[in-house]
1. What is the sum of charges around F25, taking Lys and Arg as +1, Asp and Glu as -1, for the other residues whose C-beta is under 14 Å from the C-beta of F25?
2. Using the basic label-point model (7 angstrom from Cα toward the beta carbon), what is the I73 to S41 distance in nanometres?
3. Taking a cut-off of 19 Å, what percent of all Cα-Cα pairs in region 40-88 are separated by more than that?
4. How high is the relative contact order of region 40-88, in percent, with contacts defined as C-alpha pairs under 8 Å that are six or more residues apart?
5. For D52 and K14, what does the FRET efficiency come to when R0 = 35 Å and r is the distance between their Cβ atoms, rounded to the nearest 0.05?
Amino acid sequence: MAKGGGSLNQKDTKYPQYPWLPPKFFENRRKLDRELLRPYSGMHIAWNFQYDRILGSAPTGEELWEQLELAGIDPHLAYYEFVEDFLE
């Protein structure tokens, strides 16, 4: 619970301009065939907030952040994940 007894919601945050992950994100994440991530093994990837499109990938988080900025994508509006190495 947020301070004051109310429930925490997006309006209670310091950054309301950055949306919370929608329910569709979690549904899509559960359904994802992890095998689709094999080409990104050992890489940092950025997802859109629906978790249905990879926005970019790079060896480091810093490079990925810069890549998104150069593409005109607000890096704050992405979900980041590191893809563990797949064992052959």
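Nothing in this text is a laboratory measurement; each read-out follows from the coordinates by a stated rule. Remember, predicted model here, so these are calculated numbers, not experimental data. Counting neighbours? That spans all protein chains shown, and the Cβs are built from the backbone with ideal geometry, glycine included.
1. Spelling it out: positives minus negatives among the neighbours equals +2.
2. The answer from the label model is 2.3 nm.
3. Pairs farther apart than 19 Å: 19 percent.
4. 47
5. FRET efficiency, D52 to K14: 0.80.
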